[in-house]
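The values are calculated or read from the model by the stated rules, or taken from the named source; none is laboratory data. Keep in mind the model is a prediction, meaning the values are calculated, not measured. Cβ sites come from the backbone with ideal geometry, for glycine too, and all protein chains shown count toward neighbours. With ligands, DNA and RNA removed, areas are computed over all heavy atoms of the protein, side chains included. Shrake-Rupley method; radii C 1.70, N 1.55, O 1.52, S 1.80 Å.
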Amino acid sequence: MYESLDHIDPYTKEHYPQSVYHNSKTLKYVGQPKLREGAEGRVMGRETFANDVLLNGMLYLKLKRSPYPHATVKSIDTTKAKALKGVVVVLTNADAPNLINAAPYAYCIAKEVWTQGDCVAAVAAYDEDTAEEGVNLIDVQYNVLPFVLHQDDALKTTAYKLHGDTNEIGSAAIFKRGDVNGPTGFPAADKTITTEFQTVTKPFQGVHPVAPVENESYVARWENDRLYIWSATQNPWGDSRAAATALGLPYNRVVAMNCRIATGFGNKGSDGAGKKIAAYIARMTSHPVKWYQDNDGYFNMQSSSWTAQHHLIKTGLKSDGTIVAFQDICTANGGYRGSRASGGAMEPFPVRLVTPNMYTEGHDAYTNSQCAGVPRCVPHPSSTAATGIHYDQCAEALNMDTSDFILKNVFTGSGVGTHPDKPEYDIGANPCPQFYQQLIDKSGWKTRWKGWNTPVSVNGSKRRGIGTSIHNCRHGALANPESATIMLEPDGTCRVVTGSQECGNGWRTAATLMAAEEMGITPDRVKTPNFNTDVVQETKSPGGSTVLRGTGTAIILACRDAKEQLFRLAIYAKKIAATEPEELETADNFIYLKADPTKKVAIKDITALQGGTSMPGKNVGTHYGGPIIGRGSYVTGRNATMMMMQWSASTAEVEVDTDTGEVTVQEIILGCGVGRDIFHMGNYNQIIGGMAMMIGHALFAGIYKDEATGIDLNPDYSLFKCPTFMDMPAKMDVVMYEEIDPYGPFGAKGTGEPVMPTTTPSILNAIYNALGGLPARKRIFSTMATPDKVLAAIGK
């Protein structure tokens, strides 16, 4: 009955459901203050996390890990471990040779290890200490093999080959527009600027794991021929199906149970070895099995790290700041699993800054270090750090304010016909240049920027500077599959049931607000409960900032269905003077007549009838009725290229002590195009949290490896430096720009990932500005701007 509200994609011809209130400037509940769902339980410590689950007869799983980045197991003696009192199971590759973590090279229990921390044996015992002792009693003899840590080394023809006759993963990822070397490209430039940027430097320093305090935790129980799991994961569906595949079970015989997750950061669920071993042992022994990811596993094995990337960027400029050509050659570290990141890293460039000529080329390589990871915004924090510094260089070469350079060149197209390579696409709403101008105004940039050789202020050895950068990507776009159910209770209250995990991002609260708005029921009468996979259908799990935009659309569809049933019941029961559902609408817990809103009936008076009213169906002799359950299910054919319009930008102010090289971040202001701000406090906290993470990425958070042995030198929280409250600037602020998108629910976009990348380059640019006027000043062309790098940048 609401089909007329759908937005039709002119290219895919798909109908995208829109809210009744999609274009309303102000909404009753969406965007209004709301206490987070589950806040009391979380603050009071009453919620149950996976690691809290205790079951009778539980075994505790510990893994024996390799200390070498590449080796084969020559021999393994488990005799002492098996004899230890309290040990129930000891497994090696010989016991579970077909238990695969990530084909084709990653076995859950390896006989050839490809990176430090690979599991070579597993012990399950009645308590953790015994399991740990059992692991220590296992004697493993290794045949240590050559290894390679850096992707550029791996791509050399003389490099040791990990798999096959080359370390390159697949073929080069190439994008081409125009001809960068043609007459309108680099030859036509008045200036040509080059940048070489690396996220990992030699000796090995970089690869920033997101390092949540809550590592992955997993409990598996085999009961009544089914496997039940409790997992600290963003993706309960992925975990349940991974366990089913590993054990050769149908999907419907594995259930992911209801439990909390403290935070996601994009990587929870990325290393399945411990989980699959726990599931395997639970089925084998009929004992519940608990596994908690140890630090060696987390820091060495998890694909939790922003990708190691090396960028060679070149831009041709006219003297007025116009870009005539842009080129980037990127290499990325794919680890031993063969993950690819280079193409995705450069994917947003075609619609970031405008140029008629562009060429990007990406190469990915197998290595024995951490693979291309899936933390927040995946490959983009590394590539945007590179371009953010490069744009600053371009502006400096022209003696131009960086904000003016960005505003002059930023892509501003919206809708159909503006994509430079695919004009047939509808790319949706683009907040540029307005959102960036709003950020510049809010930050007071124009009054603080004093030129390329002048810092904001100087006080002895302490100098302050400012920097800015911009980012776009597809994260926060639509994704598949999506589903939701609206259940109306007899008292007029409502449950919103979705299979999307809540991982600290406020998703349940956002779902409640959207359902309340669309159903016309006040938020205090709407609840979005947690779930297990046995009682809800699959939908998109948090990742790629897609849940709000995708599952939110399914909620709108479910509300449509529920309202139509509600209206038909009200009409059949003669509770309101209407003949068709299209004549009715809801608001403030009432159903009202559109033609005369004073004629209304309470929703609870209609839902009270649902359990005992049988209504005639469309076919003669058929009837229907019963509880009102609205269903929404949805998939999209819109691809990533159509959805690069999630934008963010930031400004940063830092203080640099030129005596010590210490950098203190004084201020970060981040602007983003949010579409519609659904749950403001959740959105705000997501963005502030992203800034906090990226302060570490910019300044000090990363892994150090010994080049001679390939071994991590700081693989735990006592040695790995995480950002703390002491590292946070005095001022952190967010500028949300609302531009209603035609495809998102209520016009919303996802923001959790797109807001991540710009903090790093803004800080690095601010450091350079703070050093203005010093004769030996140089830029820092890497992440982790540690004091030694800062001092080297001024010739000390």
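Membrane-span-like helices in the chain, defined here as complete DSSP H runs extending at least 24 Å along the helix axis by their C-alpha atoms with mean Kyte-Doolittle hydropathy no lower than 1.0, are absent; this is a sequence and geometry rule, not a statement about a membrane.
Its relative contact order, with pairs defined as Cα atoms under 8 Å and 6+ residues apart, puts region 37-123 at 38 percent. Counting Lys and Arg as +1 and Asp and Glu as -1 over every other residue whose Cβ lies under 12 Å from the Cβ of Gly170, the net charge comes to -1.
With R₀ fixed at 51 Å, the C-beta to C-beta distance from Ala640 to Ser614 puts the FRET efficiency at about 0.60. What separates the Cα centres of region 345-387 and region 205-260 is a distance of 30 Å. Where only DSSP H runs of four or more residues are counted, the chain gives -7000 deg cm²/dmol as its mean residue ellipticity at 222 nm, each run worth -39500 (n - 2.57). Surface composition of the chain: carbon and sulfur atoms hold 51% of the protein heavy-atom accessible area at a 1.4 Å probe. For region 309-465, the solvent-accessible area works out to 29 Å² per residue, with a probe of 1.4 Å and every protein chain left in place. Counting only residues at least eight positions apart within a chain, or on another chain, the aspartates and glutamates with an alpha carbon under 18 Å from that of Lys462 are Glu653, Glu655, Asp657, Asp659, Glu662, Glu667, Asp727, Asp788. Leaving out same-chain residues fewer than 8 places away, which lysines sit with a Cα under 24 Å from that of Lys156? Excluding near neighbours in sequence, the set is Lys202, Lys314, Lys705.
Using heavy atoms of the protein chains and a probe of 1.4 Å, the accessible area assigned to Ser75 is about 50 Å².
Each Lys and Arg contributes +1 and each Asp and Glu -1, all at the Cβ; summed about the Cα centre of region 423-531, the dipole is approximately 1200 debye. Annotation: peptides 329-335, 92-98, 550-556, ranked by per-residue average of other Cβ atoms within 10 Å with the highest first, follow the order 550-556, 329-335, 92-98. Only Cα pairs under 8 Å and 6+ residues apart enter the sum, and on that basis the relative contact order of region 692-769 stands at 36 percent. Assuming charge only on the beta carbon of Lys and Arg (+1) and of Asp and Glu (-1), the dipole of region 1-126 about its Cα centre is about 660 debye to the nearest 20. Placing +1 on the Cβ of every Lys and Arg and -1 on the Cβ of every Asp and Glu, with nothing else charged, gives the chain a dipole about its Cα centre of roughly 380 debye.
Three principal axis extents of region 667-741 based on alpha-carbon atoms, in descending order, are 54, 28, 17 Å.
As a calculated quantity, the FRET efficiency between Thr79 and Leu774 at R0 = 51 Å, using C-beta atoms, amounts to about 0.20. When region 508-630 is described by a simple charge dipole with +1 on each Lys and Arg Cβ and -1 on each Asp and Glu Cβ, the residue from Phe590, Thr613, Leu513 located farthest towards its positive end is Thr613. Over all directions, the projected convex hull of the C-alpha atoms in region 571-643 averages 8.0 nm² in area. Note on the chain: along the principal axes its Cα atoms extend 84, 76, 49 Å, ordered by decreasing extent. Between the alpha-carbon centres of region 116-145 and region 766-796 there is a gap of 45 Å. Computed over the chain, relative contact order equals 16 percent, with contacts defined as Cα pairs under 8 Å that lie 6+ residues apart.
Of the peptides 128-141, 340-353, 723-736, the ranking by mean beta-carbon count within 10 Å, highest at the top, reads 340-353, 128-141, 723-736.
Using the average count of surrounding beta-carbon atoms within 10 Å as a protection proxy, the listed peptides 18-29, 426-437, 159-170 rank, highest first, as 426-437, 18-29, 159-170. Note: region 698-793, Cα convex hull, 193 Å³ per residue. What the phi angles of region 5-17 give under the Karplus curve with 6.51, -1.76 and 1.60, with θ = phi - 60°, is a coupling list of 7, 4, 9, 9, 6, x, 8, 7, 6, 7, 9, 10, x Hz, glycine and proline written as x. Cross-link partners for Lys268 among the aspartates and glutamates, with Cα-Cα distance under 15 Å and sequence neighbours closer than 8 places in the same chain left out: Glu214, Glu216, Asp239, Asp294, Glu502, Glu753. Could you tell me the distance between the Cα centroids of region 416-430 and region 670-728, to the nearest Å? Each part's Cα centre sits 34 Å from the other's.
Averaging 1/r across all pairs of distinct Cα atoms in region 433-592 and inverting the result yields a Kirkwood radius of 19.3 Å.
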